[in-house]
Each structure stands twice: as structure tokens, then as C-alpha cells.
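Undergrad: Encoded as C-alpha cells, here's the structure I'll be asking about.
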Amino acid sequence: MVIISNYELEFNKENGRFTVVVGAISYCPLCQSLLVYRESVLRYGKREGGGRIPYVLRKLKCTGCRSTHRELIDKFAPYKHYEADVISGSIDEIITCGDLDSEDYPCETTMTRWKEWFDLNKPNIEGILRSTSHVMLGLDESILATKKPLLEEFRRLRSNWLEFILQFIYNLGNSLLPINHCGSSP
Ligand SMILES: [Zn+2]
């Protein structure tokens with residue numbers, strides 16, 4: 001799987017779907033070779049009001065190791081139905097169960113499991129950020145020297161912290177541990 005942030009969405013009036021128009025070449029997270037188009041796949045993004053938005057995404061094949069990778073746009077968290085901003089909103093408690101007056105909202109169990117998933121992966125995320133971010137992100141040495149949790153810094157500095165961190169982790173060939181619950185999808 002690769003996650004991209006450089007793209008535009010083109011709305012197709014005939015079928016009501018959003019097609020992803022990619023702005024950059026993707027590379028294999030396993031061997032860094034060029035990825036080429038293989039097929040298009042439909043994926044739905046779930047919003048907090050219960051609406052589902054259809055997106056046409058690409059499946060890519062590696063010209064080096066021949067592995068296939070779904071090209072996920074950064075709106076999506078891997079293996080989750082809901083879009084990433086709904087998940088980070090729940091983790092940050094911007095979206096809470098108190099707001100949820102519709103049965104179409106993510107259920108309380110789903111939101112609790114997102115928090116469990118996040119807590120489970122926190123040490124892993126922190127480790128990856130700490131070992132690679134000074135090179136990849138050009139972070140100031142002074143931030144690294146303070147031993148402040150980098151993950152918490154990103155959460156403080158960026159509203160789209162989850163999208164940003166997931167892209168960073170998955171495109172380097174790393175992954176997060178899954179947790180089985182009603183909001184997950186393969
Ligand atoms: Zn490859």
C-alpha cells in the first residue's frame with residue numbers, strides 16, 4: 001500500500017464518483033522501484049453523518065519486485081471505513097459520543113476501539129518518527145534533543161496529523177498493528 005497526498009479529485013456527474021487525479025509518481029514501499037497502473041478500484045469513504053462518498057482509486061504494480069499496491073489517498077486510514085479526519089477527530093475528542101444524535105454516526109464502540117488502536121500503536125509510531133523524521137522531514141535537531149514525544153508535537157501542530165503520519169509510515173514500508181472491530185475493512 002502507498003498513500004498519496006499530491007492529488008486532485010475530479011467529480012464525474014454521470015456516476016457520482018470522485019476520480020483521483022494523481023500529481024506525482026509513486027514508488028514501491030518494498031523496493032523503491034517505479035509503480036505502474038494496473039486497475040481501478042472503487043472505495044467508499046464514510047463521513048461522521050453516515051454519508052458515503054465513492055472514490056475511484058488505483059491499484060499499482062511494481063516494475064521491480066512485481067508486488068501490487070493499492071494507492072490510498074490520504075483521506076483514508078488503512079483498514080478503516082471512516083475517513084481519517086473522523087478517526088483523528090475521535091482520538092482528539094473533537095468528535096465525541098455526546099455529539100452523536102444519529103445512529104449513522106460511528107458507534108461508541110468503534111470510537112473506543114480507534115482510541116485503543118491508537119494507544120496500541122503509539123510506541124511504534126513514535127519509534128518510526130524518531131528514527132526517520134530528522135532525515136525525512138528535516139526536523140530541527142533541538143526538537144529531537146528535547147525527548148518530547150514527536151507524535152504529540154505533530155498532533156499539536158497539524159490538524160491533519162493522522163493523514164500525515166500514516167502516509168509517512170506506510171510509504172516507508174512500515175505498517176501499524178490492526179485491531180479487529182466494526183469500523184475495519186481489508
Ligand atoms: Zn517493488
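Read the figures in this text as sums done on the coordinates, not as results from a lab. Given the structure is predicted, the values throughout are model-derived calculations rather than measurements. All Cβ positions, glycine included, derive from the backbone under ideal geometry; neighbour counts span all protein chains shown.
Undergrad: Over region 1-125, what number does the Rg to Rh ratio reach, with both radii from the alpha-carbon atoms and Rh per Kirkwood? Don't skip to the end; give the middle numbers.
TA: Values: Rg = 16.5 Å, Rh = 16.1 Å.
Across region 1-125, the Cα-based Rg/Rh ratio is 1.02.
Undergrad: Most exposed first by the Cβ proxy, i.e. fewest other Cβ within 10 Å, how do Lys46, Lys80 rank?
TA: On the way: Lys46 19, Lys80 22.
The most exposed by this proxy come first: Lys46, Lys80.
Undergrad: Taking the simple approach of a point 7 Å from Cα along Cα-to-Cβ for both Thr96 and Arg66, what is their distance in nm?
TA: The modelled label-to-label distance comes out at 5.5 nm.
Undergrad: Which pairs in the list Lys13/Lys46; Lys75/Lys147; Lys75/Lys115; Lys122/Lys147; Lys46/Lys148 are over 22 Å apart, alpha-carbon to alpha-carbon?
TA: Details: Lys13/Lys46 20 Å; Lys75/Lys147 30 Å; Lys75/Lys115 18 Å; Lys122/Lys147 15 Å; Lys46/Lys148 34 Å.
Pairs exceeding 22 Å: Lys75/Lys147; Lys46/Lys148.
Undergrad: Please rank Ile128, Ile165, Ile53, fewest neighbouring Cβ atoms within 10 Å first, as an exposure proxy. Write down the numbers at each step before the final one.
TA: On the way: Ile128 20, Ile165 23, Ile53 15.
Listing Ile128, Ile165, Ile53 from fewest to most nearby Cβ atoms yields Ile53, Ile128, Ile165.
Undergrad: Can you tell me the length gained on complete extension of the stretch Leu30 to Arg17, counting 0.36 nm per residue apart and subtracting the Cα distance?
TA: On the way: separation 13, 0.36 × 13 = 4.68 nm, distance 3.06 nm.
Separation in residues times 0.36 nm, less the Cα-Cα distance, equals 1.6 nm.
Undergrad: Give, as a single signed number, the net charge of other residues whose beta carbon lies under 13 Å from the beta carbon of Arg38, with Lys and Arg counted +1 and Asp and Glu -1. Show your work: numbers first, answer last.
TA: Values: positive: Arg58, Lys59, Lys61, Arg66, Arg70; negative: Glu39, Glu71.
Summing Lys/Arg as +1 and Asp/Glu as -1 gives +3.
Undergrad: Related question: Would you tally the net charge around Lys80, using a Cβ to Cβ cut-off of less than 15 Å, leaving Lys80 out, and scoring K and R as +1, D and E as -1? Intermediate results must be reported in sequence, preceding the final value.
TA: Numbers: positive: Arg43, Lys46, Arg47, Arg52, Arg70, Lys75, Arg113, Lys115; negative: Glu48, Asp74, Glu83, Asp85, Glu116, Glu163.
Taking every Cβ under 15 Å from that of Lys80, the sum is +2.
Undergrad: Order of Met1, Met111 from fewest to most other C-beta atoms within 10 Å? Each step should come with its number before you reach the end.
TA: Working: Met1 17, Met111 24.
By the 10 Å Cβ count, ascending, the order reads Met1, Met111.
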